[in-house]
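Quick notes on the structure that follows.
The values are calculated or read from the model by the stated rules, or taken from the named source; none is laboratory data. Keep in mind that this is a model prediction, so the values were computed, not measured. A quick note on method: Cβ atoms are made from the backbone with ideal geometry, for glycine too, and the neighbour counts reach across all protein chains shown. The accessibility values were calculated without ligands, DNA or RNA, using every heavy atom of the protein model including side chains. Shrake-Rupley method; radii C 1.70, N 1.55, O 1.52, S 1.80 Å.
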Amino acid sequence: MTTKTATVETDGTATGPSRRGWRELAVPRSTTALNIVGLLVAIVVLYAVLSGTARGFASPANQLGLLRDAALIGVAATGMTLVIIAGEIDVSIGPAVAFASVIVAKAMTAWHLPTVLAILVTVAIGAAWGGVVGVLRARFKVPSFIGTLGLWNILGGLALYTTNALPVPFSPRDRIMNVLSDRVLGIPTPAWVMVIAFVVFGFVARKTAYGRSVYAIGGNAPAARLAGIPVDRTRILIFVTTGALSAISGVLLAARLGSGNGGAAGGLEFKVIAAVVIGGTAMAGGRGSLFGSFLGVIFITLIGNGLVLLGVNSFLQTVVTGAIIVLAVLINVTLSGRRALAGTTTD
């Protein structure tokens, strides 16, 4: 019995043997590509269905609102994609975004910092709390789910405690915040920020040693360590990046609301994780793409917007969203399992 030779695809996954058997014919060459094609089809179908059934869906105002909603999920999803590719998880996104909105608002009002400095301080603090989780994971082997779950409670509690659960308004005449909440070339500024984030981290993931290290660690961390990859440092940097991106989302949220709000962004972490998984990133790590996550963000946002316009009960919206997440994970795990089976076939 001879083991077939494996190659490496552009998505970082080991591909199948050179001679195809019946299992390979049943499994696409790349599950990431399959997810992307499936999502493109699903998005086109959603647009067609909602345009005909949901009143006002196709209006320019609603489309711009879609982009704003997508940006809040999308900016955080760029960092989350790297986290999940590395085989980790971050469930603290929602409170992190809310607390960041409070920090930037307080920095502008109570601390009397210039807006630019207030934003920089907020992003630095976000990177710092991400770094704490990264150190806990890398140096003390605390599972990332436990570490970020603790952070979820800490940041959520601090956001409400420091504001007494009340909004922290800032001047409506602040120029920078007005730019962040307005449009550039007719497109909402947050949407530009989201696109830039996806392009930058897409490049980082594909074209840099750091990005390849993230895939390697997610695929097989012990082997990556033996190959000389700085696993601990990479893990810390991943969570630092996610914390900073969550803080940027918080700044965009504050600009949109005109205030910091400790109770905002509830459940955002689940939408972000769902978008990344629906985009084809494997929960087990080692596989995924930023473009897939981008499409996942659009898909999740379309579902949410469509349910609202169709007048679906808000509680049922949560049910539908949860069902979609479970279905997406089921498909993801099933495809990954079949892929692994095909890749280890021998003859």
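Of all residues in the range 145-198, exactly one satisfies the criterion of being in a strand (DSSP E or B) and free of Cβ contacts under 8 Å to residues at least 60 places away in the same chain, namely VAL184. Taking the criterion of being open to solvent by 50 Å² or more (accessible area, probe 1.4 Å), closer than 19 Å to ILE248 by Cα and touching a strand residue (DSSP E or B) at 6+ places or on another chain (Cβ under 9 Å), the only residue of the range 145-168 that qualifies is PRO167.
The condition of being more than 19 Å from the chain's Cα centre (by Cα), touching a residue at least 24 places away in the same chain (Cβ under 8 Å) and open to solvent by less than 60 Å² (accessible area, probe 1.4 Å) holds for only one of VAL116, VAL123, VAL135, VAL142, that being VAL135.
Just to be sure before I move on: is VAL319 farther than 30 Å from GLY219 by Cα, out of contact with any helix residue (DSSP H, G or I) (no Cβ under 9 Å at 6 or more places or on another chain) and not basic (Lys, Arg) in the structure I sent? Spelling it out, VAL319 is indeed farther than 30 Å from GLY219 by Cα, out of contact with any helix residue (DSSP H, G or I) (no Cβ under 9 Å at 6 or more places or on another chain) and not basic (Lys, Arg). Selection of first residues in the range 95-109 that are more than 12 Å from GLY262 (Cα to Cα) and of second residues that are part of a helix (DSSP H, G or I), restricted to Cβ pairs under 7 Å at least 6 apart or on distinct chains, gives the following pairs, ordered by first then second residue: ALA107/ALA118; ALA107/VAL121; ALA107/THR122; MET108/THR115; MET108/ALA118.
Out of everything in the range 269-284 that is within 10 Å of the chain's Cα centre (by Cα) and among the hydrophobic types (A, V, I, L, M, F, W, C), what residue ends up being surrounded by the most Cβ atoms within 10 Å (Cβ to Cβ)? It comes out as VAL272.
Can you name the residue in the range 293-331 that is polar (S, T, N, Q) and open to solvent by 60 Å² or more (accessible area, probe 1.4 Å) and, of all such residues, is nearest to VAL44 (Cα to Cα)? Among those that are polar (S, T, N, Q) and open to solvent by 60 Å² or more (accessible area, probe 1.4 Å), it is THR318.
Might you check whether a residue that is free of Cβ contacts under 8 Å to residues at least 24 places away in the same chain, open to solvent by 10 Å² or more (accessible area, probe 1.4 Å) and part of a helix (DSSP H, G or I) occurs anywhere in the range 226-242? Checking the range 226-242: at least one residue is free of Cβ contacts under 8 Å to residues at least 24 places away in the same chain, open to solvent by 10 Å² or more (accessible area, probe 1.4 Å) and part of a helix (DSSP H, G or I).
Contact annotation: residue pairs with Cβ atoms under 9 Å, 6 or more positions apart or on different chains, pairing a residue in the range 31-58 that is under 27 Å from ILE331 (Cα atoms) with a partner that is among the polar types (S, T, N, Q) and open to solvent by 70 Å² or more (accessible area, probe 1.4 Å), are THR32/THR10.
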